[in-house]
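Below you'll find the structure, written out as structure tokens, and then a few comments.
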Amino acid sequence: MKFSNLITSCAGLIVGSALLIGLAVQSEAAEFSLAKARVGDGIPKSLTGKPGDAKKGRSTAIHRKRGNCLACHTMPAPEQADHGNIGPDLTGVGSRYKPAELRLRLVSSKTLNSDTLMPSFYLKSGFHRVQKKWKGKTILKAQDIEDILAYLVTLKDK
Ligand code: HEC
């Protein structure tokens, strides 16, 4: 093979793999299957393969337009007023549940209790009367779920 041909094929390979990686990232959410991911009472595997960032997770969780967990839960976030009490107090929730159990509750609390008021933050189907802008979208992104999970794990009973 001529040297210039070799260079061209190498460049082709590099571009090809970059495309493949791009595709893999894009199809991440599309390929998520709760039935496959669920083991018993939890989802043991990270949704992203990357560890969560507890600090980001905390800010997403207490953000009124993002996680909005405070609408229903009391949390150790004294800087925010008006915590809800529709759901249980999340203080100490990291001692009550294993990480896999918390991940399932964030992804799809409806799986455990079809009547729950808690939104299924990482499910695309099974909703009724979805607004157009939300069709085919999850409420939170996979990495948001992992970040919030990393934060919840830190909420241990003293
Ligand atoms: C609209 C109300 C609502 C919102 C918003 C909400 N939850 Fe919940 N959550 C509940 C209710 C109600 C329960 C009790 C379980 C049930 O209903 O089956 C619950 C249960 C939980 C549990 C299990 C706690 C336990 O002690 O059993 C966790 C963990 C949790 N929620 C985390 C969150 C997080 C984190 C957010 C924000 C990203 C959030 N929830 C947003 C209503 C809500």
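The values are calculated or read from the model by the stated rules, or taken from the named source; none is laboratory data. Predicted model, so just to flag it, every value in this text is computed and none were measured. Quick reminder, even Gly has a Cβ in these numbers, built from the backbone with ideal geometry, and neighbours come from all protein chains shown. In case anyone asks, the SASA skips ligands and DNA or RNA and just uses the protein heavy atoms, side chains included. Shrake-Rupley method; radii C 1.70, N 1.55, O 1.52, S 1.80 Å.
The table for this structure:
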{"read-out": "Candidates Gly136, Gly94, filtered to the one that is open to solvent by less than 70 Å² (accessible area, probe 1.4 Å) and either among the aromatic types (Phe, Trp, Tyr) or more than 12 Å from the ligand (Cβ to nearest atom) (or both)", "value": "Gly136"}
{"read-out": "Lys124, sole failed condition from (1) open to solvent by 80 Å² or more (accessible area, probe 1.4 Å); (2) near the ligand (Cβ under 8 Å from one of its atoms); (3) touching a residue at least 12 places away in the same chain (Cβ under 8 Å)", "value": "(2)"}
{"read-out": "Pair list, Cβ under 9 Å, 6 or more apart: the stretch 29-54 residue at pLDDT 95 or above, other residue part of a loop (DSSP other than H, G, I, E, B) and acidic (Asp, Glu)", "value": "Leu47/Glu28; Thr48/Glu28"}
{"read-out": "Conditions (1) open to solvent by less than 80 Å² (accessible area, probe 1.4 Å); (2) near the ligand (Cβ under 9 Å from one of its atoms): number failed by Leu117", "value": "(1)"}
{"read-out": "Selection count, the stretch 97-111, where residues are near the ligand (Cβ under 6 Å from one of its atoms) and surrounded by fewer than 16 Cβ atoms within 10 Å (Cβ to Cβ)", "value": "0"}
{"read-out": "Test: residue in the stretch 147-155 that is in contact (Cβ under 8 Å) with a residue 24 or more places away in the chain, farther than 16 Å from Thr48 by Cβ, within 17 Å of the chain's Cα centre (by Cα) and in a loop (DSSP other than H, G, I, E, B)", "value": "yes"}
{"read-out": "Verdict on Gly87 being open to solvent by less than 70 Å² (accessible area, probe 1.4 Å), more than 18 Å from Glu31 (Cβ to Cβ) and in the same structural domain as Asp41 (by TED's automatic domain parsing)", "value": "yes"}
{"read-out": "Helices (runs of 4 or more DSSP H) fully within the stretch 49-135 counting 1 or more residues that are among the small types (Gly, Ala, Ser) and out of contact with any strand residue (DSSP E or B) (no Cβ under 8 Å at 6 or more places or on another chain)", "value": "54-62, 93-96"}
{"read-out": "The lone exception for Glu146 - which of (1) more than 21 Å from Phe32 (Cβ to Cβ); (2) open to solvent by less than 50 Å² (accessible area, probe 1.4 Å) it fails", "value": "(1)"}
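Okay, residues lined up against (1) of a type outside the set (Val, Ile, Thr); (2) closer than 21 Å to Ala142 by Cα; (3) more than 14 Å from the chain's Cα centre (by Cα):
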residue: Ala54; (1), (2), (3): yes, yes, no
residue: Arg66; (1), (2), (3): yes, yes, no
residue: Ile86; (1), (2), (3): no, no, yes
residue: Gly92; (1), (2), (3): yes, no, yes
residue: Glu101; (1), (2), (3): yes, yes, no
